[in-house]
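> Supplied in structure tokens, the structure appears directly below.
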Amino acid sequence: MFPNSILGRPPFTPNHQQHNNFFALSPTLYSHQQLIDAQFNFQNTDLSRAVSLQQLTYGNVSPIQTSTSPLFRGRKRLSDEKNLPLDGKRQRFHSPHQEPTLVNHIVPLSGERRYSMPPLFHTHYVPDIVRCVPPFREIPFLEPREITLPEAKDKLSQQILELFEACQQQVSDLKKKELCRTQLQREIQLLFPQSRLFLVGSSLNGFGTRSSDGDLCLVVKEEPVNQKTEARHILTLVHKHFCTRLSGYIERPQLIRAKVPIVKFRDKVSCVEFDLNVNNIVGIRNTFLLRTYAYLENRVRPLVLVIKKWASHHEINDASRGTLSSYSLVLMVLHYLQTLPEPILPSIQKIYPESFSPAIQLHLVHQAPCNVPPYLSKNESNLGDLLLGFLKYYATEFDWNSQMISVREAKAIPRPDGIEWRNKYICVEEPFDGTNTARAVHEKQKFDMIKDQFLKSWHRLKNKRDLNSILPLRAAILKR
């Protein structure tokens, strides 16, 4: 049903074989007894031995005094902590190495809009995101390629680029999220010493905006975690730790007991909202798959951003309310660009199967985007025409009743017969585990609303050729 001649094997590993050695650690990191020990650790954490961080600065903001446990209590270090030896003090968020050089924090001016995103990290800087616990040998994180933005000769394309340049996530935004991640990882390791906290989702996949929330994945062991029991228990301990130990730093921590439970909270320093899950490993893998697509062709990121803004404005971009998640929307855009008569994107999982294999160890997945060169398409369509084509494709051409969107196959494929796909209004295949990312759309009313918005927006934009006809540009820019 899912042929893949390049791989020479089924694209999705059977459940009973999904025990990849992600961390190259012992087979089981946390047994039931160790979870009990984690609760004991929580109850007996000696805060008086916590150490302080040096001053940290967010972009051009004034330095903020931070520390670990005393930091989260929101007051100065205790007097007995001032006498700690130098080697006992925690380093800045990036490592035991020197501070990284982050460049081009400023949004490009109109005359400098040739580059869509500045390099994230200095060449010699090894960010904390590529380390695992215990640490592996350090692998340099290569800088993202600088991509020349497409030319905009018509009004609609110029509006799309204007929106993109105003709203795309900046390096300073990412730095704030990464700082919070590393501080939280240190705190969570008081409960689970060998755990690892990953920043995932739009913050890292190239499709983030200045207002994007942060998504975090806590990896506690290499085997799948029962989300109804084990993940909830782990998150209950984390939530309790946030409420009691970190109340000076974190506000509104909330445990959401959903199918995939999460802890929602807000970082008081960066004012970023976060969602934290446990062992959603596929989210780490697809973050770097999407990051590869984001920088493969220079029209991808502006197009995705304007479509996410359009969907949000029309209230069809909220999985918690029965509409499309941002992840599903991104996959829908990529699928459209793959299925044009002259494709703008290929299936990189088919061309580079070894770089995106589900068997790759977790600490190596960050290397995949570095192994894929830019894709040279013969399609010269401008951004305005591509936006119109996207709306038309899903309004009039795609067969919602019998087809499934597959970025892995770079085409629409027949729906499977499995129970997960029956009676579903929208089917979008997750590229790694084959599940339906659009399963939240389970009401016909919401499905009809989504289809109706595609059709109406297509007609309006076709007649007006003005982005304001389907998305108020000034209001969207103000929201960032």
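The values are calculated or read from the model by the stated rules, or taken from the named source; none is laboratory data. The structure displayed is predicted, hence computed values, not measured ones. Note that we place each Cβ from the backbone using ideal geometry, even for glycine, and neighbour counts take in every protein chain shown. Surface areas here come from the heavy atoms of the whole protein model, side chains and all, with no ligands, DNA or RNA. Shrake-Rupley method; radii C 1.70, N 1.55, O 1.52, S 1.80 Å.
> Kindly indicate whether any position in segment 282-294 is under 27 Å from Leu364 (Cβ atoms) and assigned to a loop (DSSP other than H, G, I, E, B).
Checked segment 282-294: no residue is under 27 Å from Leu364 (Cβ atoms) and assigned to a loop (DSSP other than H, G, I, E, B).
> Here is a follow-up. So if I check each of Phe207, Phe242, which one is part of a loop (DSSP other than H, G, I, E, B) and crowded, with 23+ Cβ neighbours inside 10 Å?
Phe207
> Another question, if that's okay. Given the conditions (1) open to solvent by less than 10 Å² (accessible area, probe 1.4 Å); (2) over 30 Å from Ser312 (Cβ atoms), and given that Gly214 satisfies all but one, which numbered condition is not satisfied?
(2)
> When you check Asn379 against the structure, is it without any contact (Cβ under 8 Å) to a residue 60 or more places away in the chain, of a type in the set (S, T, N, Q) and surrounded by fewer than 20 Cβ atoms within 10 Å (Cβ to Cβ), yes or no?
Against the criterion (without any contact (Cβ under 8 Å) to a residue 60 or more places away in the chain, of a type in the set (S, T, N, Q) and surrounded by fewer than 20 Cβ atoms within 10 Å (Cβ to Cβ)), Asn379 qualifies.
> Further question: Looking at segment 427-442, can you tell me whether even one residue there is among the hydroxyl-bearing types (Ser, Thr, Tyr) and under 21 Å from Tyr336 (Cα atoms)?
Looking through segment 427-442, at least one residue is among the hydroxyl-bearing types (Ser, Thr, Tyr) and under 21 Å from Tyr336 (Cα atoms).
> Does Leu255 satisfy being buried (at least 21 other Cβ atoms within 10 Å of the Cβ) and at pLDDT 95 or above?
no
> Continuing with this model, one more query. Conditions: (1) hydroxyl-bearing (Ser, Thr, Tyr); (2) surrounded by 19 or more Cβ atoms within 10 Å (Cβ to Cβ); (3) within 29 Å of Tyr375 (Cβ to Cβ); (4) at pLDDT 85 or above. Ser116 meets all but one. Number of the miss?
For Ser116, the failing item is (4).
> Also: Taking the criterion of being among the aromatic types (Phe, Trp, Tyr) and out of contact with any Pro (no Cβ under 6 Å at 6 or more places or on another chain), would at least one residue in segment 258-268 satisfy it?
no
> Now a separate question. Identify, by number, the condition in (1) surrounded by fewer than 21 Cβ atoms within 10 Å (Cβ to Cβ); (2) of a type outside the set (Phe, Trp, Tyr); (3) in contact with a Cys (Cβ under 9 Å, 6 or more places away or on another chain); (4) under 18 Å from Gln338 (Cα atoms) that Met404 doesn't meet.
Single failed check for Met404: (1).
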